[in-house]
Each structure stands twice: as C-alpha cells, then as structure tokens.
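One structure below.
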Amino acid sequence: RAHSLSRMFQLATILVALLPVVLGAYPHCAWRNTHPQTLFNSGTFCFRGRLKDITTTGYGQDQETHYTFDVKEWYKSLPKYDHDYGKTTIDVIADQHAVDCLDLKKNKGYALCGVVENYHLTLTEHSLRIKYSEVTPHQLNALRKRYDNNKDCEPLNGGAVTGNDCTMEPNLRDCYFKYATCQHQHFKDHDSHYVKSRCTWYYGLGGGFDD
C-alpha cells in the first residue's frame, strides 16, 4: 500500500508540473487572448524596441525585473513632461507575473505597450507584446495610426455588440489579431438621411478570412 501511495504521489506531481503545458502556459497573459487593438488602447505608451539588457533588483515579492530597450520607433509616445519622452534608450520595469507572461529575450525585437506606474515605465500581465519578426504589415499600419484613430472601437471575444463593438469568430481569433482592426465606418441613414458612424471590422490582405 505504501508503494501504491508513493506511486500516486509521483503521478500527481508530474500532472501538476505538466498542467501549464496542457492548459497553455500562463493563460491569464492578456497578449495571448486579447486583441492587440484593446491592449494598445489601454497602454500609456507603445514602441518598437530591441532588448539590450535584463537586470533584477529586490527579493521575494519585492523583486523587480528591469529591461533596457533601444527604441526604434514610438507608436504611442509619452507626454512631453515625462522624463523618458523622446529617449531612444529606456528602462522598463516588470514584476514577476509580467516577466513570466512576456518571456522577453535579450537581443530580440518587440512591439510593446505599457503603463506608467509610480513614475516608472511598467510592463504588466495586460501589456501588448508581439515579437517584431511576427508583426504583420496590417499590424504595423495599425500600430502607427489605425488603432489610435479608432480608439473608441472595441474588439470583443463575444457578447453583446453595440455601435462601438466588433465581435471575433472564435475559430478565427488569430486571424483577427493579425489582420483585422475594429474601426469607424460612415454610412448614410436611410430614414434620417444623416451620415452616421458605426464600428466594423476592416480586414487586411492575406489574413486567412473566407471571402
């Protein structure tokens, strides 16, 4: 019986270790299951940069990871009064949850969005994170202007749709992430004859959508 219990404990330990793999590593990380447009809109700043260095400070729950980036392009720049405005090298901090989520590697390029917390540029579990080598032409255009021009339009994974929402089909979610933007469309109302606006999907080329 003791041998059986020991064997059961070993199996349970293995299953717990494999659970993140089975369920998908860090499923709570926003960039895995939230449209980039939503993450862009919620960010205080967004940029393209190459990660130069990674350092850690503090211990335990107080541990922070510092990322040093060479900024190649600002997609959403900081207010002019911020001390990092216009810099081409910036230091960004993250707690351990964000570090696990973002999984950033030295000497790699990324498109990232973050927030300002306690006067520090900060990456969180809810930050936009795309390897720059995987950024599609549609996403690049959207990061440069389309997301910001349509910041009151909201992509949805599901649920009720209003005039400012667009809903993704679950089986095409990756296509929406890479090749679609929820944006304003102007139309003439047949009853009032006024020009009105609603949010609808704009699809880029080569996105895998069926016409």
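Read the figures in this text as sums done on the coordinates, not as results from a lab. In this text the structure is predicted, and so the values were computed from the model without any measurement. In this analysis, Cβ positions are derived from the backbone assuming ideal geometry, glycine residues included, and neighbour counts consider all displayed protein chains.
Here the Karplus relation 6.51 cos²θ - 1.76 cosθ + 1.60, evaluated at θ = phi - 60°, turns the backbone of region 77-91 into coupling constants of 7, 7, x, 4, 7, 6, 5, 9, 4, x, 6, 9, 10, 10, 10 Hz, with x for every Gly and Pro. By the rule of a C-alpha distance below 28 Å, with chain neighbours fewer than 8 residues away ignored, the lysines paired with Lys87 are Lys52, Lys72, Lys76, Lys105, Lys106, Lys108, Lys131, Lys145, Lys151. Highest-first packing order for the peptide set 31-44, 58-71 is 31-44, 58-71, based on the mean count of other beta carbon atoms within 10 Å. Over all other residues within a Cβ to Cβ distance under 14 Å of His126, the charged ones net out to -2, with Lys and Arg as +1 and Asp and Glu as -1. The local environment of Arg50, defined by Cβ-Cβ distances under 10 Å, has a net charge of +4 under the rule Lys, Arg +1 and Asp, Glu -1.
The residues packed around Lys106, meaning those with a beta-carbon under 14 Å from its beta-carbon, carry a net charge of +2 if Lys and Arg are +1 and Asp and Glu are -1.
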